[in-house]
1. Among the residues of the range 22-33, is there at least one that is part of a helix (DSSP H, G or I), surrounded by 11 or more Cβ atoms within 10 Å (Cβ to Cβ) and without any contact (Cβ under 8 Å) to a residue 60 or more places away in the chain?
2. Out of 57, 45, report the one residue that is at pLDDT 95 or above, small (Gly, Ala, Ser) and surrounded by 11 or more Cβ atoms within 10 Å (Cβ to Cβ).
3. For the range 16-65, give me the residue count where each residue is more than 25 Å from the chain's Cα centre (by Cα) and not assigned by TED's automatic domain parsing to the domain that holds residue 6.
Amino acid sequence: AGSLGIRLGGPAWYDGRLQQRGVLGRGRAAQPQDIRRAQELVRRALILWLVALFGVAWIHESGLV
């Protein structure tokens, strides 16, 4: 939530009753378009981790360390 500048949680209706839930983030309330932004953030993080993983594997296999 913080990375996207949105707020998740708070009051929510379950079985016709309003329940208070914890809040994550301090930004604006989440909107449907934030799902795409979250997917893009996860995709970029995955690519970064894969590059790091293959870099470490390459260094290890090449005997540099």
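1. No, the range 22-33 contains no residue that is part of a helix (DSSP H, G or I), surrounded by 11 or more Cβ atoms within 10 Å (Cβ to Cβ) and without any contact (Cβ under 8 Å) to a residue 60 or more places away in the chain.
2. Step by step, each of 57, 45 is checked, and only 45 is at pLDDT 95 or above, small (Gly, Ala, Ser) and surrounded by 11 or more Cβ atoms within 10 Å (Cβ to Cβ).
3. Qualifying residue count for the region: 9.
The values are calculated or read from the model by the stated rules, or taken from the named source; none is laboratory data. Just so it is clear, the model here is predicted, and its values are computed rather than measured. Glycine also receives a Cβ, built like all others from the backbone with ideal geometry; neighbour counts cover every protein chain displayed.
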